[in-house]
Amino acid sequence: MRVVIAEDLFLLRDGLTRMLQAHGLQITSAVDNGADLLAAVASDQPDVAIVDVRLPPTFTDEGIRAALAARREVSGLPVLVLSQYVEQLYARELLASGTGGIGYLLKDRVFDSAQFVDAVRRVAAGGTVMDPEVIARLLARNTGDGSLTALSPRERAVAKHTASIFLKLDLQPSDDDNRRVLAVLAYLGG
């Protein structure tokens, strides 16, 4: 099985490479950014891509955006997202495509190599592997006070773009929720 890895941390990238090779998988490329991931997918034609959500240069959502772009370029490309974070809006988009294997695992909840390699193989074979915490967060968002079912698809897209703007401007969520004001000030300041 041919695997492409996109992980910015050298030690983790190298560790994943060695572990997967020890289980008989062929690593065609191990890169540290989204642009190189797209190039590797185009040239290597892997059976599966393992992608970190946050990659350089801003360490926000470049990895998952690159994974979505890779799936648009290579229809049905199996992608296993491996992250420390649950990016709900992008996780939904990744899952919504309906084609090819997909997985979303949290790094701190992968406990042994056999479990991880099994997940990679299942995704490559067209299956789905989801960390229970990812599922819980996605479901919790759907059952919250504000029902997403009341929003039109266009309104949902606006919410995704708003979240992306906050990430790109490095405006982290806070209790006083003044990110919209800070975003406007950043826009006005040029």
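The values are calculated or read from the model by the stated rules, or taken from the named source; none is laboratory data. Source: prediction; values computed, not measured. Ligands, DNA and RNA are excluded from the accessible area calculation, which covers all protein heavy atoms including side chains. Shrake-Rupley method; radii C 1.70, N 1.55, O 1.52, S 1.80 Å.
Near the amide H of residue 6, under 5 Å away, which other amide H atoms are found, from residues 5 or more places off or on another chain, if H is placed in the peptide plane?
The answer is 31, 50, 51, 52.
Taking 0.36 nm per residue of separation and subtracting the Cα-Cα distance, what length does fully extending residue 106 through residue 164 add?
Answer, rounded to one decimal: 18.8 nm.
List the residues whose amide H sits under 5 Å from the amide H of residue 129, counting only those 5 or more places along or on another chain, with H placed 1.01 Å from N in the peptide plane.
Under 5 Å from the amide H of residue 129 lie the amide H atoms of 102, 103, 104, each far enough along the sequence or on another chain.
Using a 1.4 angstrom probe with every protein chain in place, what is the largest-first accessible-area order of 116, 10, 59, 111?
The ordering from most to least exposed comes out as 111, 10, 59, 116.
Between residue 22 and residue 135, 0.36 nm times their residue separation minus their Cα-Cα distance comes to what?
37.7 nm
Could you tell me the distance between the Cα centroids of the stretch 32-86 and the stretch 98-112, to the nearest Å?
13 Å
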